[in-house]
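The values are calculated or read from the model by the stated rules, or taken from the named source; none is laboratory data. Computed from a predicted structure; not experimentally measured. A quick note on method: Cβ atoms are made from the backbone with ideal geometry, for glycine too, and the neighbour counts reach across all protein chains shown.
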Amino acid sequence: MAIVLFTDFGSGDLYVGQVKAVLAQHAPGTEVIDLLHDVPAYRVRAGAHLLDALKDSFPVGSVFLAVVDPGVGSEREALILEADGRHYVGPDNGLLSVIAARAAERRWWRILWRPHALSGSFHGRDLFAPVAALLASGKLMNDERAEIAAPATELGVGDAAEIIFVDHYGNACTGLRAGRAPRDAILVARGSRLSYARVFSEAPPGVCFWYQNSYGLVEIAVNLGSAAQLLGLSIGDAVNWSV
């Protein structure tokens, strides 16, 4: 059973190493996979849709430590979600709610377990990481969590018609599921009208297009170029289908 890390902590900062140290202490020998540590900072909605799109690469039984938590230290709850055989540990701010809304089976728990010392600003290390480790190793007791009907914050089942991630190539991923879009549809982003191409080589160099990326979402790209730079795209920018 693996622990999968999905955070906005940054690949080059010191936070991920501290989280891994806690995981090694509480679940020694457990495989830890870095899925993404560059989720757009503070962008819970973007993270929720990215996590849902990426989760199916991992086997049933995986435990996801998912932390995009701008409300850390506030009254928001700490949660465990079990959805279609995978577990997710994270804050009650909507980050886990898209997965739950689309799951065939789901259960929610509020985390009662607390460490001896809990910092006000790093629950990813002090609270969520130990709980994920205890789950992965089968050591989390029933009285350390309380089942609840639903979280306080839910984002719903619908797609996110906006840019949710920009990779280092400048490809701009949206929160739209590509399987729902006809291939003759025109995508509008920042006033530009984009046609579909199956792969990069089907578009002339320097031309923007949309395609279905490798994890099933609509993505805006340029053959041999940066779509984000060419179109001026940023996280949160709206996209829509032309009517």
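Summary of values
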quantity: Residues of the range 40-60 satisfying the condition of being closer than 18 Å to residue 97 by Cβ, in contact with a strand residue (DSSP E or B) (Cβ under 7 Å, 6 or more places away or on another chain) and without any contact (Cβ under 8 Å) to a residue 60 or more places away in the chain; calculated: 51, 55
quantity: Matching residues in the range 91-138 - criterion: being part of a helix (DSSP H, G or I) and basic (Lys, Arg); calculated: 102, 125
quantity: Residue list for the range 194-216, filter: of a type outside the set (Ser, Thr, Tyr) and either under 15 Å from residue 183 (Cβ atoms) or not assigned by TED's automatic domain parsing to the domain that holds residue 180 (or both); calculated: 194, 197, 198, 199, 202, 203, 209, 210, 212, 213, 216
quantity: Residue match in the range 100-121 (condition: buried (at least 22 other Cβ atoms within 10 Å of the Cβ) and farther than 15 Å from residue 135 by Cβ); calculated: yes
quantity: Of the criteria (1) touching a residue at least 40 places away in the same chain (Cβ under 8 Å); (2) loosely packed, with under 15 Cβ neighbours inside 10 Å; (3) small (Gly, Ala, Ser), which one residue 181 fails; calculated: (2)
quantity: Search result, residues across the range 138-160 that are under 16 Å from the mean Cα position of the chain (by Cα) and either basic (Lys, Arg) or surrounded by 14 or more Cβ atoms within 10 Å (Cβ to Cβ) (or both); calculated: 153, 154, 155, 159, 160
quantity: Failed criterion for residue 39 (all others in (1) surrounded by fewer than 21 Cβ atoms within 10 Å (Cβ to Cβ); (2) in a loop (DSSP other than H, G, I, E, B); (3) of a type outside the set (Lys, Arg) hold); calculated: (1)
quantity: Any hit, the range 4-12, residues being out of contact with any Pro (no Cβ under 9 Å at 6 or more places or on another chain), in contact (Cβ under 8 Å) with a residue 40 or more places away in the chain and more than 17 Å from residue 131 (Cα to Cα); calculated: yes
quantity: Selected residue (only one of 201, 192 is more than 26 Å from residue 90 (Cβ to Cβ), of a type in the set (Ser, Thr, Tyr) and in contact with a Cys (Cβ under 7 Å, 6 or more places away or on another chain)); calculated: 192
quantity: Flag for residue 170 being small (Gly, Ala, Ser) and in contact with a Gly (Cβ under 8 Å, 6 or more places away or on another chain); calculated: yes
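Okay, residues lined up against (1) in the same structural domain as residue 53 (by TED's automatic domain parsing); (2) at pLDDT 95 or above; (3) in contact with a Phe, Trp or Tyr (Cβ under 7 Å, 6 or more places away or on another chain):
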residue: 86; (1), (2), (3): yes, yes, yes
residue: 101; (1), (2), (3): yes, yes, no
residue: 112; (1), (2), (3): yes, yes, no
residue: 117; (1), (2), (3): yes, no, no
residue: 121; (1), (2), (3): yes, yes, no
residue: 130; (1), (2), (3): yes, yes, no
residue: 155; (1), (2), (3): no, yes, no
residue: 170; (1), (2), (3): no, yes, no
